[in-house]
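This report concerns only the one structure given below.
The values are calculated or read from the model by the stated rules, or taken from the named source; none is laboratory data. Computed from a predicted structure; not experimentally measured. All Cβ positions, glycine included, derive from the backbone under ideal geometry; neighbour counts span all protein chains shown. Only protein heavy atoms, including side chains, enter the accessible area calculation; ligands, DNA and RNA are left aside. Shrake-Rupley method; radii C 1.70, N 1.55, O 1.52, S 1.80 Å.
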Amino acid sequence: MAVRDIPLALYIHIPWCVKKCPYCDFNSHELPIDMQVSMYDEYVDALLLDATMQQSFTQGREIGSIFIGGGTPSLLPIVQYQRLFSGLRHIFGFADDIEVTMEANPGTLEHAPFAQYLDVGINRLSIGVQSFAADKLTTLGRIHNPAQAISAIYAARAAGFERINVDLMHGLPQQTMSEALDDIQMAHDAGATHISWYQLTIEPNTVFYRSQPILPDEDSLANIEQAGQALLQQLGYHNYEVSAWVGAADKPCRHNVNYWQFGDYLAIGAGAHGKVTIGNQLSKADEKIWKPLEDGEVLENEYLTEAGIYRFSKSRLPRDYILKDDISTEYLLKNAKDCQDAEHVDIHQNAPKMIGWQKVASEELISEFMLNVLRLHGGVNWSLFEARTGLSYGEIEVQVDKLVAQGLLIDSTERLQPTILGQRYLNQILRAFL
């Protein structure tokens, strides 16, 4: 595989929330009552060292997009974002047109003036509104009210943000079609350039799972979905992915499209998950340090033993992720960057730990590739399958022919794309590749 041709993104996880929502199964943790400002310092220190440890994974590539998720990323003070991005620009090369998205909570007391985020380099916001109905926000456990949600979108626009996604849920407890459509209309009227419109699902390990609310029945859900899609189209939004709608003045989220096109992404932060393609033939290093990649140099570290596609994750609990060593982070970062004085400190042992490092098997690559790319209604070029997995088309030809015959995939030698029917029965397509 030509690794340098595979786009590379970076995910940053900020794990804290003011309050855990009853539907949320993400790795988020309520702010400790005794939260100290020093914890933010320690967390950003850990993020920067984590990034340094992954520097060699770039293999000469620039970062094309960054997504800051959570939790509630807007809880991290702006001074910490300034320090974080200053450090990241030292560690990685950023593309000139890099897209940097931050999730933001509409609670007006939680974020810095939006212009300060622009100054740092954040150029796209994803505002977690979920609903503009006060009773629905209460049911969802959100800490903002409808006025704050509208105000946040207006404030972001006034500050100069040209790309604003608004997250909306439908299929909420006791939600009517009129309420669901009002949410879409209000997001549009407030200035959303992109809308993520997805159905509430009840996930394990959530409050809603233990005490399930009464949701609209299947017929009502189907009617809400059809009417919502019609309204979004009427308002000028294009549905390029299952739940993603982009307005005429915006463009699809590059970071998410990279996921769906099976690109690579580094990941820093508590509980963060990453995927990286290694094209070099690798061997274990004598020392436990991840070296920056020089021209013609083979990547060497204790994890990488051969070329392939790898997935990894980080410790979920913030206290386990944050460094606890007495050695200064500045010293660790310098030595990780320059690979000097290795005998004096084991940098790797002080880095946030990889807890899920695993090479993806060939049979899993097929199902994971399909799971991602078939979410895109426009599909992808067939050449992407071999370019991103290293596998040949012949390994899936039989399944593809059957799906084409069933009317679920378009009959094309150029594009892998679901038909309109295939979009409705996506799970049936995916089962063919398991």
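Note on the range 120-170: residues that are open to solvent by 20 Å² or more (accessible area, probe 1.4 Å), part of a helix (DSSP H, G or I) and touching a His at 6+ places or on another chain (Cβ under 8 Å) total 0. When the residues of the range 309-318 are filtered to those that are out of contact with any helix residue (DSSP H, G or I) (no Cβ under 9 Å at 6 or more places or on another chain) and at pLDDT below 90, the one that is most open to solvent (accessible area, probe 1.4 Å) is Arg316. Looking only at residues in the range 111-130 that are among the small types (Gly, Ala, Ser) and out of contact with any strand residue (DSSP E or B) (no Cβ under 9 Å at 6 or more places or on another chain), the one that is nearest to Ala159 (Cα to Cα) is Ala115.
Being touching a residue at least 60 places away in the same chain (Cβ under 8 Å) and under 21 Å from Asn258 (Cα atoms) is a property that holds for Gly390. Hey, could you check the range 37-56 for residues that are hydrophobic (A, V, I, L, M, F, W, C) and within 25 Å of Ser126 (Cβ to Cβ) and say which is modelled with the lowest pLDDT? Only one residue tops the list, namely Met39.
A quick yes/no check of all residues on (1) in a helix (DSSP H, G or I); (2) within 30 Å of Thr419 (Cβ to Cβ); (3) among the polar types (S, T, N, Q); (4) modelled with pLDDT under 90:
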| site | (1), (2), (3), (4) |
| --- | --- |
| Pro292 | no, no, no, yes |
| Thr305 | no, no, yes, yes |
| Ala336 | yes, no, no, yes |
| Gln349 | yes, no, yes, yes |
| Pro352 | no, no, no, yes |
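Here the condition is being under 30 Å from Asp50 (Cβ atoms), out of contact with any Asp or Glu (no Cβ under 9 Å at 6 or more places or on another chain) and not acidic (Asp, Glu); of Gly247, Gly269, Gly236, Gly263, it holds for Gly263 alone.
Filter the range 376-434 down to residues that are of a type in the set (Phe, Trp, Tyr) and in a helix (DSSP H, G or I) and give me whichever is farthest from the chain's Cα centre (by Cα). Here the residue is Tyr393.
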